[in-house]
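Heads up, the thing below is written out as structure tokens.
The values are calculated or read from the model by the stated rules, or taken from the named source; none is laboratory data. Every value quoted in this text rests on a predicted model; they were computed, and no experiment measured them. Positions of Cβ are backbone-derived with ideal geometry, glycine not excepted, and every protein chain shown enters the neighbour counts.
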Amino acid sequence: MIKRFALFSCLLLTFASSLAFAYDRSDFLFLDEIEIGMIGVGRTIVAGDVIEEFTVDILGVIDQAGTLSDFIVVRVSGDLIGRSGGIAQGMSGSPVYVNGKLIGALSRAANWSKAIMPIGLVTPIEPMLDVLDDARAASIAAVPAAAVLADVAFVQMGSRPSDDLVAALPNVIFSYPVSTPLITTGLTGRSLDILMSGLSSHGLSAKLVTDVLDAGIQPEIRGLSSLGLTLLPLAGTGAATPADPATLIAGGSVGVALASGDISVGSLGTITYRDGDLLVAYGHPFINNGSSQFPLTSVSIIDTMKSFQASFKLGTLGDSLGTILEDRAAAIGGQLGPVADLIELSLEVRDADRDLDRSYSVGLVDEPRILPELLLSTGFQAIDTTLDRLGQGTVEVTYQILGDNMPFPLERKDVFFSSADVAVYAPWQLASIVAFLQYNAFEDPRITNITASMQITEEIKGIQIGALTLDRPIYAPGDTIHYEVALQTFQGEASIERGSLLIPVNLVTDFIVIRAYGGPRYLEAGETAAEFEGLADLVEAIEQIPSYDMLTVELFAYDLYSVDPSALFGVTEATYEFPGYGVYDEREIVVPLLLDANTATQSQPEDSSEGPGW
């Protein structure tokens, strides 16, 4: 099990407050001291983990409402910039010094028709120190004066603007983030697409467990690109920087890990300032998460790759050395030492056709905003790699989820089959269950371990529900309904399932519905959602929802007291299990219910007690 440490924000606050007045203004140059024409240097790594310098010319200051919208406009030059192809992704956080004093972090690239050389924006040091300390006691309100760029508009964009747009508006500076690109290992093909773009539920035929509970919040899985993150076009390979805190210095590289193990996902950027065990980096948010618990890692930079779209640093994440505790507009702030909690994910995949077993172990950050994407992409990768094919098949899956605040482990089995893509449903179900638990209304489950064991065959092991027949056309309260359900295995044999349902003697309704269906069902219009009293109720409800190897024959009644004339509610049911097979389709019959039992009996033929097949 991944080692867990308790990290409390109050400890950081206590520590930060003790340093709130520790900063000596002589170590920094604040925004109100910036002057046009100042020359400085920036520090960063472009290759080989060697910190190098580049030249910075200050062009002016952008002063907008609030300190978080203030920037220092700089022109960057030098051999390092030329080798990098400009301001590259991963340079965000690079410290900038004037006369040996730290003024802030290079955080954005910019385009301005009046500037020939590459220009960028520097996040002033004041708000970054606020992130480091989590207090404003040491910060001084900046009132920029002579350095303010007059008659210049400032527009922030999500990506680099076109040259034509920049040329058409000479008095506008267009900025765009020097993003913190994601580094991944172990994810390929569509798993990467799912990580970044999510997976639409459109076209999915199976009902997921959480779909039928009709309770809680169902977050949309939109992918990490919706959080402003980009993916490096190349995956870094090679040895990472040894886990030595001494390597984490201003101008050096730092990583934020989201997943580690057989599959890893994380980002890299540059350290702006370090004060003892505390540091700030990036000069902009990572995912703007606020208080966070992300592993802080060492990074090894292999090289900086030139690109027409955006140059980028190519690197690898190393071992965890601490925790990113703050993810704010001006910077990310972390502390060396205790490492953030991780959820241990274990995936076991068996290709039954080839008698092949593979195991995957990954540590995932406990952050509900991104955990579904991590689970989905990891699950797809595990299945695709093991099967080494795409297409049809049947998967039998067993889930187990444990948490510090969960009263007992959640355990569930299910069966899914697909004629197009067998990899879809098992990871999707897992991601939906975990998201449902994390967004429940009662308490944080503090999930610690997630296990999914999947056995997959190329055979479509489906059972289709065919005809449903009843022994009578009319019933009365207290009668027993005898039924037959015709079943057909996919390209296999036909069979008949027989059973009976007892109509309650006190049932008052005009019509009843007998329905045969596979797996779970949605809440009917005449039913009220279950009322849960705590997390234990939710866990139990998820475990008890029928799986797709279950055939259910259920008696429904129309609710005479509902304003909706089609409102049904479930009365009683019978279930049948078909291990290893997915039961699909549904059939139903609507018949009248006569409240006068004598009338019902008189309306039946003399041999009606036998019915079809009895």
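Limited to segment 76-105, what total is found for residues that are over 27 Å from Leu231 (Cα atoms) and of a type in the set (D, E, K, R)?
1
Scan (1) closer than 22 Å to Tyr576 by Cβ; (2) in contact with a Phe, Trp or Tyr (Cβ under 9 Å, 6 or more places away or on another chain) for the single condition Ala525 breaks and write down its number.
Failed condition: (1).
For Val397, indicate whether it is surrounded by 23 or more Cβ atoms within 10 Å (Cβ to Cβ), free of Cβ contacts under 8 Å to residues at least 40 places away in the same chain and of a type in the set (Val, Ile, Thr).
No.
With a cut-off of at least 1 residues that are of a type in the set (Lys, Arg) and either modelled with pLDDT of 90 or more or buried (at least 21 other Cβ atoms within 10 Å of the Cβ) (or both), name the strands (runs of 3 or more DSSP E) lying wholly within segment 280-385.
Correct list: 312-327, 342-351, 356-365.
Do the conditions hold for Thr394, that is, is it of a type in the set (S, T, N, Q), assigned to a strand (DSSP E or B) and at pLDDT 95 or above?
Answer is yes for this residue.
Looking at segment 339-356 only, could you name the residues that are in contact (Cβ under 8 Å) with a residue 40 or more places away in the chain and among the acidic types (Asp, Glu)?
Within segment 339-356, Asp341, Glu344, Glu348, Asp351, Asp353 meet the criteria.
Read through the list (1) buried (at least 16 other Cβ atoms within 10 Å of the Cβ); (2) farther than 25 Å from Tyr439 by Cβ; (3) of a type in the set (Val, Ile, Thr), then give the number of the only condition that Thr575 fails.
The failed condition is (1).
How about segment 467-568: which strands (runs of 3 or more DSSP E) wholly inside it have at least 1 residues that are without any contact (Cβ under 8 Å) to a residue 24 or more places away in the chain?
Answer list for segment 467-568: 480-489, 494-502.
I need the full set of residues from segment 339-356 which are of a type outside the set (Lys, Arg) and either closer than 17 Å to Ala426 by Cα or under 14 Å from the mean Cα position of the chain (by Cα) (or both), in order please.
Ile343, Leu345, Ser346, Leu347, Glu348, Val349, Asp351, Ala352
Which residues, counting only those in segment 417-433, are of a type in the set (Asp, Glu) and surrounded by 24 or more Cβ atoms within 10 Å (Cβ to Cβ)?
Scanning segment 417-433 gives no hits.
What's the total number of residues in segment 517-534 that are over 21 Å from Asp414 (Cβ atoms), surrounded by 14 or more Cβ atoms within 10 Å (Cβ to Cβ) and of a type outside the set (Gly, Ala, Ser)?
The total comes to 3.
Scan segment 401-423 and give yes if some residue there is assigned to a strand (DSSP E or B), closer than 19 Å to Val365 by Cα and not small (Gly, Ala, Ser), otherwise no.
Yes; the residues of segment 401-423 include at least one that is assigned to a strand (DSSP E or B), closer than 19 Å to Val365 by Cα and not small (Gly, Ala, Ser).
If you take the residues of segment 417-466 that are hydrophobic (A, V, I, L, M, F, W, C) and free of Cβ contacts under 8 Å to residues at least 60 places away in the same chain, which of them is farthest from Arg389 (Cα to Cα)?
Only one residue tops the list, namely Leu430.
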